[in-house]
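The values are calculated or read from the model by the stated rules, or taken from the named source; none is laboratory data. Being a predicted model, the structure only gives us computed values, none of them experimental. All Cβ positions, even for glycine, are placed from backbone atoms using ideal geometry, and neighbour counts span all protein chains on display.
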Amino acid sequence: MPPSIPDTSTAPEQLARALDAAPLDVALHARMRDALQAAGDADGFAAHQLAVAAFDALADAPPATRALALYNLATVYAMKGRTDDAVRWYRHTLAVNPSLANAHQNLAALYATAGRHADAHAHRERAYRLQRVFVEPALDADARRLLIVGVGGGTGNVPLDALLPFRTITRIKYAIDYADDAEDAQLPPHDLVFNAVGDPDIAAPLAARLARFAGRSAVPVLNPPDAIAHTHRDRTAARLAALPDVLVPPCVRIENARGPLDVLLRRLALAGVTFPLLLRPAGAHGGDGVTLHATPDTFAAALARLDGPAYATAFRDTRGADGCFRKYRAIFVDRVPYPYHLAISTHWLVHYFSADMTSTPWKLDEERRFLDDPHAALGATASRALAAIGRQLDLDYGGIDFALTGDGRVVVFEANATMLVHREAADGPLAHKNPHIERIAHAFARMLDTRPGLAPSCPTPTRT
């Protein structure tokens, strides 16, 4: 016999078990919607309300198509930060329709965030074997259509979501690392390309593929592959060497961490990288895996733990007179710098989330001063240097993390295309950042508008 359907007074926990046994049961979703509303769970109510509406629209469709209702349900939970609920419903979605690439893609992202990297890899592989092109239509009929070329296999893409309004920009995402050259000619019409493979360590194995794609494109390619190639950490010092008032600690790429230590130490010393130094795995972001070493012994032990290439960088103590380290971030849009944030910490590895910014009013006040008037906060010397760095990097979109010396010069920590920009909660302690994030988004929109491209209604040819 089929499972009995609980009445409207049934608790959400019991309804959840019933839905696990019958995820396509519309009546159960309706009762779950009502139960969650009664329990004051606004997000859960909205998710199941959307699912019920989708089931109604798909009433005559086969189960594989009705799985889209479950996909919508999972996506609402994901957007609300309800990770466990989102994972549960994406899994139900895929149990009904294992060929729904978007569900595999989103589940992979959730697993990656949770540190379940093997599961993330498996679902990512399945997603991009099934589908390489993902279109997110804009709300406006005359929206610009931006082709975003990225990698499906892991990290390394430029985070653009905060810069692309859904009303005016149709996003066409292309996982080029899973696509062969023939697929380039079959892409949906688009009037601009953004090369989102922004990490040069990730882009290097795809260099020939990306170059062929860019060379054949009949529309402008923003952040072209050759510009990204110049942003390797070990090339930044040479790239910016001629700029006045810019200091870039020397950096050496280590291809083989298992090689003779004495040979490596001599190589580092010749490049000006002496102790103390920083060791960072190649392709790592957000400070992941970065370690500080004052002696060869700890350095050797860290090398032994690496499973791939890495960078060794001379450590520069940038503490101010108050004993704090400061990390400024500016975003370059069309080579012009815009302030994004300032993190202040007593620890050498400065991260906004670990710097107690929100619980320390004076830190937030100092950040506000930087955001409101970066020229006054940084001084004329650093402001000129920052503008020169933007021109020299020559990226359509990128960013820089930096500090200041006591005499006002810029110390570059990193400068590349992978800098994250995201909006803050409107009622949260960091809401003061949002107007400045809007300025960055508006600058990005202006850049897109000024780039010559095809009219949105035109097909996109490919040069041969």
- [ ] Would you kindly identify the strands (runs of 3 or more DSSP E) lying entirely within the range 282-378 that contain at least 1 residues that are over 26 Å from the mean Cα position of the chain (by Cα)?
- [x] 291-293, 310-314
Open item on the list: Based on this model, can you work out whether ALA271 counts as loosely packed, with under 12 Cβ neighbours inside 10 Å and either out of contact with any Pro (no Cβ under 9 Å at 6 or more places or on another chain) or under 15 Å from ARG316 (Cβ atoms) (or both)?
Closed with: no
Task: Qualifying residues in the range 283-299 (those that are in contact with a strand residue (DSSP E or B) (Cβ under 9 Å, 6 or more places away or on another chain) and over 24 Å from THR231 (Cα atoms)) - the one surrounded by the fewest Cβ atoms within 10 Å (Cβ to Cβ) - done: ALA294
Open item on the list: Among the residues in the range 69-79, are any in contact (Cβ under 8 Å) with a residue 24 or more places away in the chain and within 23 Å of LEU210 (Cα to Cα)?
Closed with: no
Task: Output for the range 382-403, where each listed residue is surrounded by fewer than 21 Cβ atoms within 10 Å (Cβ to Cβ), in contact with a helix residue (DSSP H, G or I) (Cβ under 8 Å, 6 or more places away or on another chain) and under 21 Å from ALA343 (Cα atoms) - done: SER383
- [ ] Can you tell me which residue among GLY40, GLY81 is farther than 25 Å from ASN106 by Cβ, assigned by the TED database to the domain that holds ALA103 and loosely packed, with under 14 Cβ neighbours inside 10 Å?
- [x] GLY40
TODO: Could you name every one of the helices (runs of 4 or more DSSP H) located completely within the range 1-117 that has at least 2 residues being within 30 Å of ASP161 (Cβ to Cβ) and of a type outside the set (S, T, N, Q)?
DONE: 26-38, 42-57, 63-79, 83-96, 101-113
Open item on the list: The conditions are (1) crowded, with 19+ Cβ neighbours inside 10 Å; (2) under 25 Å from the mean Cα position of the chain (by Cα); (3) closer than 28 Å to PHE444 by Cα; (4) of a type outside the set (Lys, Arg), and HIS230 fails exactly one of them. Which is it?
Closed with: (1)
Open item on the list: Scan the range 89-98 and tell me whether some residue there is crowded, with 18+ Cβ neighbours inside 10 Å and modelled with pLDDT under 95.
Closed with: no
TODO: Answer yes or no as to whether VAL273 is in contact (Cβ under 8 Å) with a residue 24 or more places away in the chain and assigned to a strand (DSSP E or B).
DONE: no
